[in-house]
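Bear in mind these aren't lab numbers, they're just calculated from the coordinates by the rules spelled out. Since this is a predicted model, take the numbers as computed values, not measurements. Cβ atoms come from the backbone with ideal geometry, glycine included; neighbour counts cover every protein chain shown.
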Amino acid sequence: MCGIIGYIGKKDAVPIIMRGLRRLEYRGYDSAGVSVLNHGCAIEMRKAVGVLDNLFSAVDKNPLAGPLGIGHTRWATHGVPSSENCHPHFDCTGNIMVVHNGIIENFKELKDELIKKGHRFSSETDTEITAHLIEEALSAGAADLEAAVRACIARIEGSYALGIFRKDEPHTLIGVRQGSPLVVGIGKDEYFISSDVSAIVESTRQIIYLDDGEIITMKTGGYHITDFKGNKVKGVVKKVTWDVEALDKAGFEKYMLKEIHEQPNIIRQNLRMRVTKDKKGVAFDDFTISDDVLKKISKIYIVSCGTAYYAGFTGKYLMEHFTSLPVEIDLASEFRYRKPKLLNENTLIIAVSQSGETADTLASVYEAKGKGCKVLAICNVVGSTLTRESDGTIYINAGPEISVASTKAYTGQLLSIYLFTIYLAKLKGEMTAAAAAALIKELEAVPNKMEKIMRGEQEIIEIAKKYCKAKSAFYLGRGFNYPNALEGALKNKEISYMHAEGYAAGEMKHGPIALIDENFPVVCIATKGSTYDKMISNMKEVEARKGRIIAISSNGDKNVPQIAETVISVPETAEEVSPLVNIMPLQLLAYYIAQYKGCDIDKPRNLAKSVTVE
Ligand code: AGP
């Protein structure tokens, strides 16, 4: 999964591209490159392996400039991170430059065919064959770059967002979208392409979200969009409303900490937007799945990945608690390989995804749509593929989430699921107005409780210091907080690289408790609720084996401090709403453990923000 960006206009492309690459860095940072057609109509290129700072140094050392250019940040899929494999890639003549996000699945056979025709390759990547296919098409008589690109994409299979230019057409930049995100920025006689709006929003707020199967040809005098057959397509220009400040760290050391701290206001804002005036219900302004359709739903599948999966897992507990509907959850990467049953027009697929570009989640949605299912997206990115493939979308409105570790998107997804559950339960006559009002009241109390926990951050910093050297840890929870325990473990392992395993507390005695000894911290979510007594017994089983318990406990609880080595107290909350509150200390604990371990918190090794490959 990578980030691409391109510019054509009257300004120097290089500063625009470099600033954009900084915004795209979260998408991949194995290597990066930039290429321009300079004012003398010669192609120049700089590449660097490793973090983006290395490319900035290369450009500072050996500046380049020109009004047309493309850039790329790489998360390696084919070919190790190396200078040769770093984009942009080019053809034999060096006159055709390409950047690519996605995977070309049939590149091997095409590469063999091209080698037989005498093409020489300089990399191991799948991307490079696109430049050679374009070269072949031009040599075979293609009228121009657009025609040659069309000929190239007729041969390739897979997912690709491409940015392309060539020396002999200095006034043309081409973008192609198929299975990987690509947005277009419309400026005053200047145009931008990017994998993500955040990379170009400082230059223009006028954005076109390309659809799969579309090519945009941008020239200094205008642009046109066509489908892969050459038919004209009318691109819809949308105005981006969120402000650029949202993209900065606002004084926090890391995006992750900023995004943790943003959560209370995101909850407040979404409750204000979605709770009805009488506070007895919920309304979604732009919801395009009708009540009639929802009333006919007899089964729900929630499909998603990673943190979004844990949000969906909590959703299963909530929806089955408040409605009579059977709700299954599935890892999106497993869903379509297990022949799920009852996929039909009365089944609702809820696809939870921050980016709306996760390949596994999209693949599950395509599979279910093919069987007639209705699809509801719970997503953070306007215009993302998932939202355009779904029958309806509930946007979590959390603003851009830059840190690879998902925090505000998790609680935003949870809140959207709470609100949708209230809406659906009331629609089905399974939740009274009074019950809805009570649940809404509990939700409205969450932001202040989150802020109280954050005010106690220093205590969590001390706890992180005490346990940051552990090799492994368990995270245990029950009921509504079982998925939360899984999410807490994921937060820790993905940013501090400490092995952390989330587990159902009641399951420990069936084997895993064999691992417990005095070197093994066990985080237990032990706040008040229907499974509290059982959780206390599970904690006693751990304590009896000298396990070191870090307990998340309700303020004033007298039992837990007698069993746990360390206690993090949180404000008491209705059990059903407690996941929103109890995740806060777990996010902060993971953050500060990672900080003590000196990890690159916003850009953890081996990870990318949005996994657009299966
Ligand atoms: C969570 O911290 C990770 N970054 C990862 O598990 C992520 O949640 C997963 O890849 C799903 O991404 P999505 O929400 O954009 O679909």
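Some observations on this one:
- Radius of gyration (Cα atoms) of region 180-335, expressed as a multiple of 2.2 N^0.38 Å: 1.38.
- Packing-based exposure ordering (other Cβ within 10 Å, fewest first) of Lys491, Lys528: Lys528, Lys491
- Cβ-to-Cβ counts within 10 Å put Asp12, Asp602, Asp278 in ascending order as Asp278, Asp12, Asp602, the fewest first.
- Estimated FRET transfer efficiency when R0 is 22 angstrom, pair Arg155-Ala363 (beta carbons, to 0.05): 0.45
- Magnitude of the charge dipole, region 361-463, Cβ model with Lys/Arg +1 and Asp/Glu -1, debye to 20: 420 debye
- Its relative contact order, with pairs defined as Cα atoms under 8 Å and 6+ residues apart, puts region 1-148 at 24 percent.
- Hydrodynamic radius of region 61-117 by the Kirkwood approach over all distinct alpha-carbon pairs: 13.6 Å.
- Rg/Rh for region 480-614 stands at 0.98; both radii use Cα atoms, and Rh follows the Kirkwood definition.
- Principal-axis tilt of helix 52-61 within the chain, Cα atoms, nearest 10 degrees: 40 degrees
- Alpha carbon centroid spacing (whole Å) that separates region 252-269 from region 356-404: 23 Å
- For region 154-212: rounded, prolate or oblate by the Cα gyration tensor [a/c cutoff 1.5]: oblate
- With Cα atoms, 0 to 90° folded angle of helix 359-369 axis to the chain main axis: 80 degrees
- Kirkwood hydrodynamic radius over Cα pairs of region 299-403, then Stokes diffusion coefficient at 25 °C and 0.890 mPa s, in µm²/s: 182 µm²/s
- Cα-based equivalent ellipsoid, region 66-211: semi-axes from gyration tensor eigenvalues, Å: 25, 17, 14
- Full extension of the segment from Asn397 to Asp285, taken as 0.36 nm per residue of separation minus the current Cα-Cα distance, would add 39.0 nm.
- Here the contact order of region 356-433, divided by its residue count and restricted to Cα pairs under 8 Å and six or more residues apart, works out to 22 percent.
- Residue pairs, from the table Lys47/Lys167; Lys47/Lys108; Lys108/Lys597, whose Cα atoms sit over 30 Å apart: Lys108/Lys597
- Lysines with Cα under 20 Å of Lys232, excluding same-chain neighbours fewer than 8 positions away: Lys219
- Each part reduced to its alpha carbon centroid, region 121-155 and region 1-68 end up 22 Å apart.
- Ordered by the count of other Cβ atoms within 10 Å of each Cβ, fewest first, Tyr497, Tyr482, Tyr317 give Tyr497, Tyr317, Tyr482.
- Beta bridge orientation in region 269-359: antiparallel %, DSSP, nearest 5: 10 percent
- Extreme residue, positive dipole direction of the chain, given options Asn397, Ser353, Pro81 (C-beta unit charges): Asn397
- A Cα-only calculation for the chain places Rg and Dmax at 25.5, 82 Å.
- Note on region 351-448: percent of Cα-Cα distances in each 10 Å bin, starting at 0 and stopping at the bin with the largest distance, equals 15, 39, 32, 14, 0.
- To the nearest ten degrees, helix 532-544 and the longest principal axis of the Cα atoms of the chain are 90 degrees apart.
- With a cut-off of 11 Å between beta carbons, the residues surrounding Gln595 carry a summed charge of +1, where Lys and Arg count +1 and Asp and Glu -1.
- Label zone of Lys238 (point 7 Å out along Cα→Cβ, amide N under 20 Å): in region 356-389 this covers 356-359, 361-363, 365-366, 375-389.
- Taking the inverse of the mean 1/r over every pair of distinct Cα atoms in region 420-462 gives a Kirkwood hydrodynamic radius of 12.3 Å.
- Listed residue (Thr385, Ser198, Leu325) projecting farthest to the positive dipole end of the chain, Cβ model: Leu325
- A straight chain from Asn106 to Lys558 at 0.36 nm per residue would run longer than the Cα-Cα distance by 156.4 nm.
- Prolate/oblate/rounded label for region 41-148 (Cα gyration tensor, a/c 1.5): oblate
- The Cβ shell under 12 Å around Glu487 holds other residues with a net charge of +1, Lys and Arg each +1, Asp and Glu each -1.
- DSSP-defined antiparallel bridges as percent of all bridges, the chain, nearest 5: 60 percent
- Considering only Leu486, Ile453, Phe56, and ranking their Cα positions along the charge dipole of the chain that arises from unit charges at the beta-carbon of Lys, Arg, Asp and Glu, the one farthest toward the positive end is Ile453.
- Taking the three principal axes of the alpha carbon atoms in region 546-609, the coordinate ranges are 41, 31, 15 Å, sorted in descending order.
- Using a simple spin-label model with pseudo-atoms 7 Å out from Cα toward Cβ, Glu444 and Lys11 lie 4.5 nm apart.
- Length available on full extension from Val51 to Asp227: 0.36 nm per residue minus the Cα-Cα distance, which gives 59.8 nm.
- Taking the square roots of five times each eigenvalue of the Cα gyration tensor of region 10-49, the equivalent ellipsoid has semi-axes of 21, 13, 5 Å, listed largest first.
- Isotropically averaged projected area of region 366-504, using the convex hull of Cα atoms (one quarter of hull area), nm²: 11.2 nm²
- Rg over Rh [alpha-carbon atoms, Kirkwood Rh] for region 367-422: 1.01
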